[in-house]
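Chemist: My questions will all concern the structure given below.
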Amino acid sequence: MTDALYLEATEEREFEATVERVVDDRVVLDRTLFYPEGGGQPFDTGVLVADGETWNVTDVQKKDTVYHTVDGTPPEAGTTVTGRIDWDRRYAHMQYHTAQHLLSAVLLDEYDASTTGNQLYTDRARIDCAYERFTDEEFAHIESVMNDRIEDGLEVLWYELDREEAESSLDPERTRIHLLPESIREIRIVEIEAFDKTACAGTHVRRTDELGEFRITGRETKGSDEERLKFVLD
């Protein structure tokens, strides 16, 4: 099983690893900083380098382990490689993922609107929530609360909790632990200081003042009781 360096060393950009096996155009490494697609967060891209040769990493997916799709003939099993992630892409995903958590908390606190889905990109994001329809005044209020929280520079932490402890001590509406398979006994929690705690395996910035200005750019009605909000960070 690949050691998921991306869960803890979220600010690292380069690492060394050994190719454990090759499957067609995909390689499995013993450790990786490349984030695999999941939870609304896109995969990382970048390069693997060894012996003067460079492979572009074009896709990263997690199944039984983490698979890195590369161009050209992959490096052989046993090869020691240096991996470098595209930091601009990764950091944008970190910003938007943290903003999504913050927005989910604001919507739950202010409107009792729980998050039902989300998708992040490098230049925008969207969130689906259980709410009939927001007014323009409510949009303005959401933007104001979000930007206040961002300017507060709240600390963002991540850590693991035993599942039983997490279920007994944390708000189930926020953590959504019930959505995780029972086989998962250690839960990774992402906490925004004094504001929100939720189960998440994504990457995040260290403080909310790294996000920039939050702005809602549009909406879509997803049914009689669900709306999709689109937003950007400027």
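The values are calculated or read from the model by the stated rules, or taken from the named source; none is laboratory data. As the structure is a prediction and not an experimental result, all values here were calculated from the model. Heads up, the Cβs are rebuilt from the backbone with ideal geometry, glycines too, and the neighbour counts pull from every protein chain shown. For accessibility, only protein heavy atoms count, side chains too; no ligands or nucleic acids. Shrake-Rupley method; radii C 1.70, N 1.55, O 1.52, S 1.80 Å.
Chemist: Test of the criteria: in the range 38-144, which GluC sites (Glu not before Pro) are in a DSSP loop and have at most 14 other Cβ atoms within 10 angstrom of their Cβ?
Modeler: Glu76, Glu132
Chemist: Once you sort the root eigenvalues of the Cα gyration tensor of the range 126-234 as a ≥ b ≥ c, which label holds: rounded (a/c under 1.5), prolate (a/b larger than b/c) or oblate (the other case)?
Modeler: It is oblate, given that a/c is not under 1.5 and a/b is not larger than b/c.
Chemist: Still on this model: Give me the extension gain from Glu167 to Ala194: residue separation times 0.36 nm, minus the current Cα-Cα distance, reported in nm with one decimal.
Modeler: Taking 0.36 nm per residue and subtracting the Cα distance, the gain is 7.9 nm.
Chemist: Roughly how far apart, in whole Å, are the Cα centres of the range 98-142 and the range 59-93?
Modeler: Here the two parts' Cα centres lie 32 Å apart.
Chemist: To the nearest 10 degrees, how steeply does helix 136-151 sit against the main Cα axis of the chain, on a 0 to 90 scale?
Modeler: Helix 136-151 and the main axis of the chain meet at about 50 degrees.
Chemist: Answer with one residue from Leu108, Ile85, Val60: the one whose Cα lies farthest towards the positive end of the charge dipole of the range 8-141, charges on Cβ with Lys, Arg +1 and Asp, Glu -1.
Modeler: In the range 8-141, that residue is Val60.
Chemist: So between Leu7 and Arg219, what do we pick up on full extension, going 0.36 nm a residue minus the alpha carbon distance?
Modeler: Taking 0.36 nm per residue and subtracting the Cα distance, the gain is 73.2 nm.
Chemist: Here's another thing I want to ask about it. Quick one: which residues, 5 or more positions from Lys222 or on another chain, have an amide H under 5 Å from its amide H? H modelled 1.01 Å from N in the peptide plane, none for Pro or chain starts.
Modeler: Glu227, Arg228
Chemist: Can you tell me the dipole magnitude for the chain around its Cα centre, using point charges on the Cβ only (Lys, Arg +1; Asp, Glu -1), in Debye to the nearest 20?
Modeler: It comes to approximately 520 debye.
Chemist: Which angle from 0 to 90°, rounded to the nearest 10, does the C-alpha axis of helix 87-111 make with the longest principal axis of the chain?
Modeler: The two axes meet at around 30 degrees.
Chemist: Along the Cα-to-C-beta direction of Glu160, a point sits 7 Å from the Cα; which residues of the range 187-222 have their amide N less than 16 Å from that point?
Modeler: Under 16 Å, as judged by backbone N against the label point of Glu160, lie 187-190, 199-202 of the range 187-222.
Chemist: Taking the dipole about the Cα centre of the chain, with the C-beta of Lys and Arg at +1 and of Asp and Glu at -1, give me whichever of Leu170, Thr32, Val232 is farthest to the positive side.
Modeler: Thr32
Chemist: Roughly speaking, to the nearest percent, how much of the chain's 1.4 Å accessible area is carbon and sulfur?
Modeler: With neighbouring chains kept in place, the figure for the chain is 42 percent.
Chemist: Can you list the HN-Hα couplings for the range 19-34, worked out from phi with the Karplus curve (6.51, -1.76, 1.60; θ = phi - 60°), rounded to whole Hz and with x for Gly and Pro?
Modeler: Taking θ as phi minus 60°, the curve returns 6, 8, 7, 10, 10, 6, 9, 10, 10, 10, 9, 6, 7, 7, 9, 6 Hz for the range 19-34.
Chemist: Let me ask another. Which cross-chain or sequence-distant (5 or more) residues have an amide H under 5 Å from the amide H of Ser114, H modelled 1.01 Å from N in plane?
Modeler: Ala130
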